[in-house]
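Have a look at the structure below before the remarks.
The values are calculated or read from the model by the stated rules, or taken from the named source; none is laboratory data. Please read all numbers here as calculations on a predicted model, not as lab measurements. Neighbour counts are summed over all protein chains in view; Cβ atoms, including those assigned to glycine, are modelled from backbone coordinates with ideal geometry. Ligands, DNA and RNA are stripped out before the accessible areas are found, and what is left, the full protein with its side chains, is counted by its heavy atoms. Shrake-Rupley method; radii C 1.70, N 1.55, O 1.52, S 1.80 Å.
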Amino acid sequence: MNFEKINLRLYLVTSFLFLAMLLLIGKLVYIQWVEDNTLVEIPKQVVRNVILEPDRGDIYSSDGKILATSVYTYEIRWDSKSPSKKLFETYKVELSKKLSEILQQNPQDVLSKMESARQLENRYLLIAKKVDHHTMKKIKELPIFNRGEISGGLIVERKVERKLPLDKYAARTIGYEKQQPTGAFIKTGIEGGYSQYLRGEVGFRLKKRIASGVWKPISDSEYRKPIPGGNLYTTIDSHIQKTTHEALDQQLKKFEASYGTAVVMEVKTGQIKAIVNLTRNQDNTYSEKYNYALANAYEPGSTFKTFALMVAMEDKKITPQTKVNVGNGQLSFFNKHTIRDSKRPKSPQLTVSRILETSSNVGVVKLVNDLYGEEPEKFLRRLSSIGIDKPLELDILGEPNPYIPTPKDQLWSKISLPWMSYGYGLSLTPLQLLTFYNGIANDGQVVKPQFVKSVSRSGQESKIEFEKQIINPSMASKSTIESMQQMLKDVVEKPWGTGHNIYSSTIPIAGKTGTSQENYNTDNMNYVASFVGYFPVDQPQYSMITVVFNPNAKKGYYATRVAAPVVQKVASKIIPAIPEEIFLNRRQITSVINMNEVQEPIITPLTIEAQPTSQETVDVVAAGQVSVESGREAVDKATNFINEVGQKLGFKVVPTVNRKDKIVLFENQ
């Protein structure tokens with residue numbers, strides 16, 4: 001009997017163990033094959049690497065003004081479950097009191113709010129919005145909060161907003177970079193074109209989810225800190241930019257134009273010193289909305305005549321003295337197309353120089369058609385050798401290709417070449433046109449427009465320097481360039497020149513006017529007034545273009561009244577600030593100073609930092625050997641030395657900033 005009970009118990013225990021084993025095996029199979037994916041995904045749902053955005057670099061003008069910077073504000077929140085009960089109870093009153101002082105709130109209200117959050121286990125309580133960096137630092141030092149995110153529960157979220165300290169000036173050229181929900185970026189201006197330098201490198205931090213859409217760091221350490229972006233140092237001069245902006249704005253308002261643009265370029269380097277793009281608003285004010293200078297291709301009209309004549313002159317088919325019969329200032333093609341001059345010529349015979357000075361449509365068209373009408377390819381080949389038919393390939397996005405028609409085009413006809421010769425049937429942007437006028441001022445060398453001089457990277461002593469880029473070392477022969485320079489000078493200087501109304505012996509400007517039409521085959525025809533040239537005439541420092549679109553015809557539309565005065569206003573502010581260039585040779589120096597006091601009595605160019613923290617350089621030339629040192633002491637050492645020379649010669653020294661092409665500059669006392 002006892003054995004039977006024992007056997008029964010043994011059977012029951014064995015059966016129970018067998019069933020338990022089957023259940024365990026089944027559970028393992030279920031976990032392995034059914035729940036496996038779910039278990040793997042759980043960590044992904046509660047823990048993740050969060051991207052830490054780097055500080056974006058600042059953008060500076062050439063004279064050290066901030067053009068674009070990031071402004072940070074902070075949102076303060078609190079995970080009420082993080083602090084221990086003892087910590088909260090010990091410091092809650094003190095925390096509430098000090099926090100209320102910072103936020104200017106009632107201490108009791110703050111305390112009640114935090115106690116209620118503890119009871120409700122609120123893990124994302126809003127403490128303050130849009131606080132500045134200083135306020136955020138004060139809040140982080142308060143009791144409980146000073147224990148950090150893990151123990152104190154403080155959550156600080158940084159909000160970034162890009163600001164333009166100079167507000168309306170060059171806003172469109174500075175541009176922006178915005179990321180879309182798809183991850184793609186919208187890029188405009190310098191911000192977009194040079195984003196690879198400004199962005200920096202992202203960091204990562206491991207965080208866990210504490211509520212729906214709310215993530216909190218697992219520890220106070222970061223997997224990888226973000227690397228700040230580099231600072232850009234542009235070519236834009238804030239003074240010239242402001243002067244150009246105000247001059248264009250006044251003229252647009254005066255003539256009630258739809259929009260306009262103005263660009264100032266440094267002749268030798270191609271550096272853009274000012275670029276303004278203004279559009280009329282509904283309230284008749286003007287603001288920067290679109291980069292017309294860079295992206296708006298238009299028919300340049302009479303400003304293109306310069307290059308039509310340059311082609312014929314370079315082909316040695318004409319000289320400035322060549323005479324052309326313009327008749328009564330009217331020319332017809334196929335009894336269908338009639339070209340007229342704005343004024344009837346006083347003489348039927350005009351020289352090539354006079355044709356450009358008076359902007360004779362008939363003169364240019366007749367000359368080009370007579371010389372190239374049967375062989376338009378020759379005209380186009382010479383035009384292409386100048387380079388004006390090719391894009392500038394700017395770093396800033398948005399430049400369209402120039403359009404110069406050819407006989408291969410479907411719409412080419414016998415009227416295409418005459419039409420082109422005085423600036424119709426083709427298209428260029430204002431910046432493309434300016435670049436090649438700048439080449440004339442630069443003795444034939446065409447340089448690429450430059451917007452950025454250098455980039456400094458965080459933690460790196462060296463900078464990335466952007467050097468001058470030459471598009472065409474010689475757009476034409478020396479004799480052709482000299483002839484074009486003289487004719488452009490005469491456009492303004494001669495009493496009959498279309499630009500004579502801006503002539504001044506103290507503000508010498510050379511250039512070409514252009515008054516063209518848009519939508520001329522419709523009932524909505526409107527005018528475009530432009531002036532492009534350079535100054536000072538004899539030693540060009542700057543080139544400039546102004547284009548005014550759709551001025552009110554009742555108030556005026558001719559370029560000489562609408563566009564040219566903008567260039568004059570800007571030049572009148574810039575030219576007086578350009579110091580006179582005096583080059584001293586060894587004989588001049590030795591005659592006024594004892595050269596035994598220095599070694600190697602030669603003129604030695606030196607580039608020295610103006611200040612240890614400055615990104616700019618001062619070019620100083622000393623008569624003798626002066627060691628190159630960093631900081632103000634080196635500048636003083638060199639400038640004092642050549643000041644001594646200057647004083648004895650009756651001059652005072654004016655060191656130039658960021659002008660490596662200069663040797664030494666003096667200004668008359």
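Some observations on this one:
- Here S62 meets each of (1) open to solvent by less than 60 Å² (accessible area, probe 1.4 Å); (2) free of Cβ contacts under 8 Å to residues at least 24 places away in the same chain; (3) not in a helix (DSSP H, G or I) with one exception, condition (2).
Residue-by-condition table, conditions (1) in contact with a strand residue (DSSP E or B) (Cβ under 7 Å, 6 or more places away or on another chain); (2) of a type in the set (V, I, T):
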residue	(1), (2)
L87	no, no
E94	no, no
L99	no, no
T135	no, yes
V156	yes, yes
G183	no, no
I186	yes, yes
F204	yes, no
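- Only one entry of I464, I507 meets the criterion of being open to solvent by 10 Å² or more (accessible area, probe 1.4 Å) and either touching a strand residue (DSSP E or B) at 6+ places or on another chain (Cβ under 6 Å) or assigned to a strand (DSSP E or B) (or both), and that entry is I464.
- Within segment 476-504, the residues that satisfy the criterion of being at pLDDT 95 or above, outside any helix (DSSP H, G or I) and within 28 Å of D237 (Cα to Cα) are G499, Y503.
- Summed over segment 295-337, the residues that are part of a loop (DSSP other than H, G, I, E, B) and aliphatic (A, V, I, L, M) give a count of 3.
- The listed residues are S80, S116, and the only one of them that is farther than 20 Å from K159 by Cα, at pLDDT 90 or above, hydroxyl-bearing (S, T, Y) and assigned to a helix (DSSP H, G or I) turns out to be S116.
- Residue within segment 281-288 that is open to solvent by 80 Å² or more (accessible area, probe 1.4 Å), in a loop (DSSP other than H, G, I, E, B), closer than 28 Å to L431 by Cβ and in contact (Cβ under 8 Å) with a residue 24 or more places away in the chain present: yes
- Among (1) touching a residue at least 12 places away in the same chain (Cβ under 8 Å); (2) surrounded by fewer than 24 Cβ atoms within 10 Å (Cβ to Cβ); (3) not polar (S, T, N, Q), the one test that V263 misses: (2)
- So P430, is it closer than 22 Å to D395 by Cα and touching a helix residue (DSSP H, G or I) at 6+ places or on another chain (Cβ under 6 Å): yes
- Any chance G57 is of a type outside the set (D, E), under 43 Å from the mean Cα position of the chain (by Cα) and surrounded by fewer than 19 Cβ atoms within 10 Å (Cβ to Cβ): no
- Residues of segment 516-570 satisfying the condition of being in a strand (DSSP E or B), more than 16 Å from E493 (Cα to Cα) and modelled with pLDDT of 95 or more: Y527, V528, A529, S530, Y542, S543, M544, I545, T546, V547, V548, F549
- Cross-chain or 6+ apart pairs with Cβ under 8 Å, segment 301-328 first and under 20 Å from P348 (Cα atoms), then surrounded by fewer than 24 Cβ atoms within 10 Å (Cβ to Cβ) and of a type in the set (D, E): V326/D341
- Tally of residues being within 22 Å of T73 (Cβ to Cβ), in contact (Cβ under 8 Å) with a residue 12 or more places away in the chain and open to solvent by 80 Å² or more (accessible area, probe 1.4 Å) across segment 133-161: 7
- Just one of the listed residues (V202, V156) is closer than 23 Å to P54 by Cα and at pLDDT 85 or above, and it is V156.
- Condition check for K225: open to solvent by 70 Å² or more (accessible area, probe 1.4 Å), more than 30 Å from P473 (Cβ to Cβ), out of contact with any Cys (no Cβ under 6 Å at 6 or more places or on another chain) and at pLDDT 90 or above: no
- When segment 119-133 is filtered for residues that are in contact with a strand residue (DSSP E or B) (Cβ under 8 Å, 6 or more places away or on another chain) and either in a helix (DSSP H, G or I) or hydrophobic (A, V, I, L, M, F, W, C) (or both), the ones remaining, listed by number, are L125, L126, I127, A128, V131, H133.
- Hey, K86 open to solvent by 30 Å² or more (accessible area, probe 1.4 Å) and over 45 Å from the mean Cα position of the chain (by Cα) or not: yes
- Of all residues in segment 318-355 being closer than 24 Å to L428 by Cβ and open to solvent by 50 Å² or more (accessible area, probe 1.4 Å), the one that is nearest to the chain's Cα centre (by Cα): S342
- Looking only at residues in segment 390-415 that are more than 24 Å from the chain's Cα centre (by Cα) and under 22 Å from S530 (Cβ atoms), the one that is surrounded by the most Cβ atoms within 10 Å (Cβ to Cβ) is P405.
- Residue count for segment 134-168 under the criterion of being of a type in the set (A, V, I, L, M, F, W, C) and in a helix (DSSP H, G or I): the result is 4.
- Matching residues in segment 529-551 - criterion: being open to solvent by 10 Å² or more (accessible area, probe 1.4 Å) and within 14 Å of N296 (Cβ to Cβ): N550
- The listed residue being open to solvent by 10 Å² or more (accessible area, probe 1.4 Å) and at pLDDT 95 or above, out of A308, A274, A297: A297
- One residue stands out among those in segment 510-525 that are open to solvent by 20 Å² or more (accessible area, probe 1.4 Å) and touching a strand residue (DSSP E or B) at 6+ places or on another chain (Cβ under 7 Å): the one that is nearest to D443 (Cα to Cα), which is T515.
- Residue satisfying all of: in segment 492-532; under 30 Å from the mean Cα position of the chain (by Cα) and charged (D, E, K, R); nearest to I578 (Cα to Cα) among these: K512
- Long-range neighbours under 6 Å by Cβ, at least six apart or interchain, first residue free of Cβ contacts under 8 Å to residues at least 24 places away in the same chain within segment 167-192, second among the charged types (D, E, K, R): Y176/E191; E177/K187; E177/E191; F185/E177; I186/K178
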